[in-house]
């Protein structure tokens, strides 16, 4: 937590304190479920707070679900980074994951609109295929972060972000039926 | 993957972006729903002593620093308000022979961490007790549409009138000039205003408004969930009961 001493803006610090008091436990829980190590989970939560502090302004509403969701996503991603490093391998091969998406779900874009009611189910499905996909798509399309910002938040390179975004988008659209196979 | 050169492709891209955004929002909802479902487990989590200690040390140290800086900022404002009010009161007294006999009030605003203390302090060489005594009874002649006087509390020195309209409510309190007010100003907007020729403060916090002001003998407070403009009209309509 002493890492937070690098933040100079008093109002932002006050916001971070409030966020910490409200969400520290659930963020530790989120991380623990991935890495199964409380101490490491606490470290990850602290790192997440440092990362998110850059994007918290004086007018940020700390009680809104958007900022809570952002913290959860960052903690998830950092936890999976640790998990993957431990395993020294990626979760599953991207190609293998994409193979699990059924081709019979390819539908027209108009059908996508009709299926928006099921978006939570679709998000869940995509998240179960690859834990990277929904997080990175959410950072890009919901939080409107640039590839560079996402790279900093997730401790990766911009190139890696672009690649993951491209794959995630493709997988998402495949589930939605908005994009046909290119090959 | 996305060919922007083709206009139809661009429209499709936009549609897809919208769909992905909606799914992204659903993903956030899923994550938070999951946490809510596991609320019981989460509450049982005990952060390590090291983490709790370092958080306490950091935030407490920072809280003290913030408190200090807030008071510092208010102190500067207070000095400015003090001078303005003092000048205002002097200008009133210089306009009236009667006023020369009246006391000169030093408008004191003392700001603590979360509350601001408002009081009028006698700084004239000789004090005139008669002027401090409650001899007047004021009331607003204009009230917002639909409000009616529901209650009146008279404790001798303090008179409070309560106006209500359904669940909406505002109060008008008057006290002698030697009273002290403790008003919640934490996270509130405080600005100097005029009620007639007298200076006062408009305090807004979320949808609650307070107007605090004084005249030569009394202090007044309007307080309620009424918009500032309306409450200021109420303040300006306050007259002495015949």
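The values are calculated or read from the model by the stated rules, or taken from the named source; none is laboratory data. Computed from a predicted structure; not experimentally measured. Don't worry about glycine lacking a Cβ; one is built from the backbone with ideal geometry, like all the others, and counts go over all protein chains shown.
Of all residues in region B:34-47, how many are loosely packed, with under 13 Cβ neighbours inside 10 Å and either part of a helix (DSSP H, G or I) or at the interface with another protein chain (Cβ under 7 Å from one of its Cβ atoms) (or both)?
6
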Return the total of residues in region A:33-83 being without any contact (Cβ under 8 Å) to a residue 12 or more places away in the chain and within 8 Å of another protein chain (Cβ to nearest Cβ). 3
Residue satisfying all of: in region A:1-17; modelled with pLDDT of 75 or more and more than 10 Å from chain B (Cβ to nearest Cβ); nearest to residue B:50 (Cα to Cα) among these: A:15
If you go through region B:184-236, how many residues are in a loop (DSSP other than H, G, I, E, B) and surrounded by 14 or more Cβ atoms within 10 Å (Cβ to Cβ)? 6
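Yes/no matrix, rows are residues, columns are (1) modelled with pLDDT under 75; (2) surrounded by fewer than 17 Cβ atoms within 10 Å (Cβ to Cβ); (3) outside any strand (DSSP E or B):
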site	(1), (2), (3)
B:120	yes, no, no
B:125	yes, yes, yes
B:135	yes, yes, yes
B:142	no, yes, yes
B:157	yes, yes, yes
B:163	no, no, no
B:182	yes, yes, no
Taking the conditions exactly as written (surrounded by 14 or more Cβ atoms within 10 Å (Cβ to Cβ), touching a helix residue (DSSP H, G or I) at 6+ places or on another chain (Cβ under 8 Å) and modelled with pLDDT under 90), does residue A:136 satisfy them or not? no
Considering only region B:210-242, how many residues are touching a helix residue (DSSP H, G or I) at 6+ places or on another chain (Cβ under 6 Å) and at pLDDT 90 or above? 2
Can you name the residue in region A:150-183 that is within 11 Å of another protein chain (Cβ to nearest Cβ) and part of a loop (DSSP other than H, G, I, E, B) and is also modelled with the lowest pLDDT among such residues? A:182
Only one of these conditions is not met by residue A:83: (1) surrounded by fewer than 19 Cβ atoms within 10 Å (Cβ to Cβ); (2) at pLDDT below 85. Which number is it? (2)
